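The values are calculated or read from the model by the stated rules, or taken from the named source; none is laboratory data. Keep in mind the model is a prediction, meaning the values are calculated, not measured. A quick note on method: Cβ atoms are made from the backbone with ideal geometry, for glycine too, and the neighbour counts reach across all protein chains shown.
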Amino acid sequence: MQLLLQLFLGGLMIGVTVVIHAFVCDFALRLVDRSTTHLKEKLGALWRVVTLVASVFVICSALMFEIWLWTFLLYFVESEIFENIESALYFASVCFSTLGFGDITLSPDWRVLSTALSANGMLLFGWSSAFIFEIMYELYHRDNGGRRRHDR
């Protein structure tokens, strides 16, 4: 029964974070599309750098928010192991980034949950990297009309 609960909670968290990430990526893409003309006028040659930095900031903020969601879940289910929120945040960050030091481990009753956390992090970091690369590609390969290559 405990295994099913871990799988359910892990799947639920993956689903929630994927939905959040999809909305954030959509928001970032719309923001880039809407602000291009304005930023070109105001910043001149620096508009691409500012846009890229803002996009990375938005995506990294989403990743941090998603790590915090895992932190609160872990702190709630493993309150005996995590004496404070900082230790739960540390564990969530280490697992989410798939670094996995191993200095803190979950109890046998909850350790399968950490595999869902790592899989979620690997998925979202990969997605974020691909998304940032796509934004960068689009920013530096726009045609004179300002349209993205797939809009031609």
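Test ALA22 against the stated conditions and say whether it is surrounded by fewer than 17 Cβ atoms within 10 Å (Cβ to Cβ), within 18 Å of the chain's Cα centre (by Cα) and part of a helix (DSSP H, G or I).
yes
Got a sec? Which of GLU41, GLU138, GLU83 is at pLDDT below 95, more than 20 Å from the chain's Cα centre (by Cα) and surrounded by 12 or more Cβ atoms within 10 Å (Cβ to Cβ)?
Going through GLU41, GLU138, GLU83 in turn, just one is at pLDDT below 95, more than 20 Å from the chain's Cα centre (by Cα) and surrounded by 12 or more Cβ atoms within 10 Å (Cβ to Cβ): GLU138.
Report, ordered by the first and then the second residue, all pairs with beta carbons closer than 7 Å, sequence separation of six or more or different chains, a first member in the stretch 121-138 that is closer than 21 Å to LEU69 by Cβ, and a second member that is among the charged types (D, E, K, R).
LEU124/GLU66
Has the stretch 103-123 got any residue that is among the β-branched types (Val, Ile, Thr) and more than 21 Å from GLN2 (Cα to Cα)?
no
Taking the stretch 7-38 as the search range and keeping residues that are out of contact with any helix residue (DSSP H, G or I) (no Cβ under 8 Å at 6 or more places or on another chain) and either polar (S, T, N, Q) or more than 30 Å from TRP68 (Cα to Cα) (or both), which one is modelled with the lowest pLDDT?
THR37
Residue check, VAL112 against (1) free of Cβ contacts under 8 Å to residues at least 24 places away in the same chain; (2) of a type outside the set (Lys, Arg); (3) part of a helix (DSSP H, G or I); (4) buried (at least 16 other Cβ atoms within 10 Å of the Cβ), all met but one. Which one?
So VAL112 meets the others, but not (1).
TRP68 - would you say it is over 23 Å from the mean Cα position of the chain (by Cα), in a helix (DSSP H, G or I) and surrounded by 15 or more Cβ atoms within 10 Å (Cβ to Cβ)?
No: the conditions fail for TRP68.
Here are the criteria: (1) closer than 22 Å to GLN6 by Cα; (2) in a helix (DSSP H, G or I); (3) in contact (Cβ under 8 Å) with a residue 24 or more places away in the chain. Tell me which single one THR36 does not satisfy.
Single failed check for THR36: (1).
For LEU99, work out the one condition from (1) at pLDDT 90 or above; (2) part of a loop (DSSP other than H, G, I, E, B); (3) surrounded by 13 or more Cβ atoms within 10 Å (Cβ to Cβ) it doesn't fulfil.
The failed condition is (3).
Output the residues belonging to the stretch 83-108 that are among the polar types (S, T, N, Q) and closer than 15 Å to GLY121 by Cβ.
SER93, SER97, THR98
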